[in-house]
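Just so it is clear, none of the values below were taken in a lab; they were calculated from the coordinates. Treat the numbers as computed from the prediction; the structure is a model and nothing was measured. Every residue, glycine as well, gets a Cβ built from its backbone with ideal geometry; the counts of neighbours run over all protein chains shown.
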Amino acid sequence: MKKTLILFLLSLFFLILFPNTGHASASQAKIILDGTELTMPANAQVTIINKTVMIPIRVVAENLNFKVTWDQKSQRVQIQNDTNLISLTVNKKEAMVAEKQISLQVAPQILNNTTVVPLRFVSENMGLTVGWDNTNKIVSLASSNSVGDRGEGEEYVESVKHVNDMYFADNQLVVSLDSEVKPSITTLDNPHRIVVDIPNTTFSNSFNSSQTLDTNLKGTLEVSGYSNVSEVRYSLFSRDPQIVRIVLVTNNENTFEFQQNEYNSNTFVIDVTEAEDSVVPLPPADDSERKTVVIDPGHGGSDSGTVGITNKFEKDFTLALSLKIEALLLNEPKINVVMTRDSDVYPTRSERVVLANQLEADVFVSIHGNSVLASPQASGTETYYYQRSSSKDLANVVHKHLVEALGFKDRGVKDGNFQVIRETTMPAVLLEIGFLSNRLEEAAMFSESVQDKAAQAIVDGIKEYLGI
Ligand SMILES: [Zn+2]
């Protein structure tokens, strides 16, 4: 198929909604076109205006080899593709596509001398499949000739992926595949639903043993007791190319968060926790002389984290150690300790960040266990900070105490881009205490005595950093 302009039925309205409101910059957002990240000119950026994702049209159109012209006087952008002319005017919601007038959700705007248009316009009028990953700020675009449309003699190299399992729990849809895949997620209204399309994917043979598939390769997940999600259904939506589609029917609003599992990139999570549910209660007002320390046991609930060499879960290690840290900090007269979780539940990473930032905590410590299944001899302690020098100072001090106390290999203090240490605003560290994929370290990390030593070392480090 050529890059022809496809006009969708007018009734087919893709409205992409976000938790963000107003005019928010998503300047770090990336645009991925047919699997390749576009190089964006310095002045071009993805922006959210009135809950609508706006993308710089010129960079996209030019990468599709469409001809783009700009008329300064009339403030008009014209895009000529193989067959049609698209004409857009800045600040006008009316646009012309193939000599027909259509109406945009948000008028094109000029930002930094470049024109941005709603992402939805691109999907409806330029024959592209679009997706927006609000967590990672990634716009994904697929031109229609890139998906499974292969000419004669053209080799089709991408292998088909398989969904092994999926379930819905804790307001999260968890989908496990046999390889990493980026779903395209859109939202629809009347009724509200979140549509997750997994490209080039079908169900594995074992899927049917965990969830049912009828003869039409359709099924539904057990969902009850959730206020916002009333139904989750899945199907092999398309056979050529193969696309698994999952539809979450929601009662209120289509806000969701996409997360790839930190350690197993073959698993992804769509979190539909409602905004009201994610408000974290503030602890009682306390003596302002005290420093607030947030301890974050990694993972929990539906997110097991990594799985150790004897199948122990990272989430259980992080909770056990964190509870010991909490117990020690509760004895500290100058410290308030706040836990992001103290049981086997899964606050999203955003919720953990929001909690620490709302508290204006003085220190944030996220507890994890490492894993490299491919090399079971890998071992040692590593400590991550993200850019801020205050975080680096905290990392150095806590790391020193941990390595001294545990005697694990010193893998060093590293700059790492993890959400909980990136988006928190106070000194924040992420500790990879040791390797659960290493038989000796896994055994040690689950032992009371090593956990006691690690807890004391972390508390000593926090106190040294705070000067108390
Ligand atoms: Zn972890």
Q.
Within a 10 angstrom radius of the beta carbon, how do 139, 459, 117, 106 rank from fewest other beta carbons to most?
A. 106, 139, 459, 117
Q. Mean residue ellipticity at 222 nm from the helices of the chain, using -39,500 (n - 2.57) per DSSP H segment of n ≥ 4 over the full residue count, to the nearest 500 deg cm²/dmol?
A. -6000 deg cm²/dmol
Q: Could you please report the charge total around residue 85, scoring K, R as +1 and D, E as -1 over all other residues with beta-carbon less than 12 angstrom from its beta-carbon?
A: +1
Q) Peptides 419-425, 30-36: what's the order by average Cβ count within 10 Å, highest mean first? A) 419-425, 30-36
Q. If you take the charge dipole of the chain about its Cα centre, with +1 on Lys and Arg Cβ and -1 on Asp and Glu Cβ, which of 173, 444, 462 is farthest toward its positive end?
A. 173
Q. Which listed residue (242, 259, 107) has the Cα farthest towards the positive end of the charge dipole for the chain, taking +1 on Lys and Arg C-beta and -1 on Asp and Glu C-beta about the Cα centre?
A. 107
Q: Between beta-carbons, use under 15 Å as the cut-off and find the net charge around residue 237, counting Lys and Arg +1, Asp and Glu -1.
A: +3
**Q.** Theoretical gain in end-to-end length, residue 212 to residue 253 [0.36 nm per residue, Cα-Cα removed]
**A.** 12.0 nm
Q | Cβ-based charge dipole, the range 356-431, positive-most Cα from 420, 402, 381 | A | 381
**Q.** Over 25 Å between alpha carbons, listed pairs 312/392; 30/182; 137/182; 161/312
**A.** 312/392; 161/312
Q: Grab the Cα-Cα distance for residue 189 and residue 98, subtract it from 0.36 nm times how many residues apart they are, and report the gain in nm with one decimal.
A: 30.0 nm
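Restricting the count to DSSP beta bridges whose residues both fall in the chain, what percent are antiparallel, rounded to a multiple of 5?
Details: 81 of 108 bridges.
DSSP beta bridges in the chain are roughly 75 percent antiparallel.
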